[in-house]
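S.K.: Shown below is the structure under consideration.
The values are calculated or read from the model by the stated rules, or taken from the named source; none is laboratory data. Given the structure is predicted, the values throughout are model-derived calculations rather than measurements. Cβ placement follows ideal geometry from the backbone for every residue including glycine, while neighbour counts extend to all protein chains displayed.
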């Protein structure tokens, strides 16, 4: 997935994903990431490297991560909301 350098939108809804690969964090142009209805319990430590991601809208647990038992977001993600 890290070869998709120009990827701007990634929809991974309802795929029973347990972990998000670190390679997702190498998608430097990524703006939209939907992860709802998966089995995620934490995000990669390099998640804050996604500088173009719309943090407010796409990291809001109530809408984007709904259905995930997320318990350990990286500290930088918590700081950004």
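S.K.: Does residue 50 satisfy being touching a helix residue (DSSP H, G or I) at 6+ places or on another chain (Cβ under 9 Å) and either surrounded by 14 or more Cβ atoms within 10 Å (Cβ to Cβ) or modelled with pLDDT of 60 or more (or both)?
M.R.: On the way: touching a helix residue (DSSP H, G or I) at 6+ places or on another chain (Cβ under 9 Å): yes; either surrounded by 14 or more Cβ atoms within 10 Å (Cβ to Cβ) or modelled with pLDDT of 60 or more (or both): yes.
Considered against the rule, which asks whether it is touching a helix residue (DSSP H, G or I) at 6+ places or on another chain (Cβ under 9 Å) and either surrounded by 14 or more Cβ atoms within 10 Å (Cβ to Cβ) or modelled with pLDDT of 60 or more (or both), residue 50 comes out as yes.
S.K.: While we're here: Hey, residue 39 hits all of (1) modelled with pLDDT under 80; (2) in a loop (DSSP other than H, G, I, E, B) but one; which does it fall short on?
M.R.: Residue 39 satisfies every listed condition except (1).
S.K.: Kindly list the number of the only condition in (1) at positive phi; (2) touching a strand residue (DSSP E or B) at 6+ places or on another chain (Cβ under 7 Å) that fails for residue 11.
M.R.: Result: residue 11 passes all but (1).
S.K.: How do the pairs read when you match residues in region 8-29 that are in contact (Cβ under 8 Å) with a residue 24 or more places away in the chain with residues anywhere that are part of a helix (DSSP H, G or I), using Cβ under 6 Å and keeping only pairs 6 or more apart or on different chains?
M.R.: As it stands, the answer is 25/47; 25/49, since those pairs meet every condition given.
S.K.: For region 13-22, indicate whether the set of residues that are under 13 Å from the mean Cα position of the chain (by Cα), surrounded by 12 or more Cβ atoms within 10 Å (Cβ to Cβ) and at pLDDT 90 or above is non-empty.
M.R.: Yes, region 13-22 contains a residue that is under 13 Å from the mean Cα position of the chain (by Cα), surrounded by 12 or more Cβ atoms within 10 Å (Cβ to Cβ) and at pLDDT 90 or above.
S.K.: Something else: Can you tell me which residue among 45, 29, 5 is surrounded by fewer than 12 Cβ atoms within 10 Å (Cβ to Cβ), in a loop (DSSP other than H, G, I, E, B) and either modelled with pLDDT of 85 or more or in contact with a helix residue (DSSP H, G or I) (Cβ under 9 Å, 6 or more places away or on another chain) (or both)? I'd like the intermediate steps shown before the answer.
M.R.: On the way: 45 fails: surrounded by fewer than 12 Cβ atoms within 10 Å (Cβ to Cβ); 29 fails: surrounded by fewer than 12 Cβ atoms within 10 Å (Cβ to Cβ).
Going through 45, 29, 5 in turn, just one is surrounded by fewer than 12 Cβ atoms within 10 Å (Cβ to Cβ), in a loop (DSSP other than H, G, I, E, B) and either modelled with pLDDT of 85 or more or in contact with a helix residue (DSSP H, G or I) (Cβ under 9 Å, 6 or more places away or on another chain) (or both): 5.
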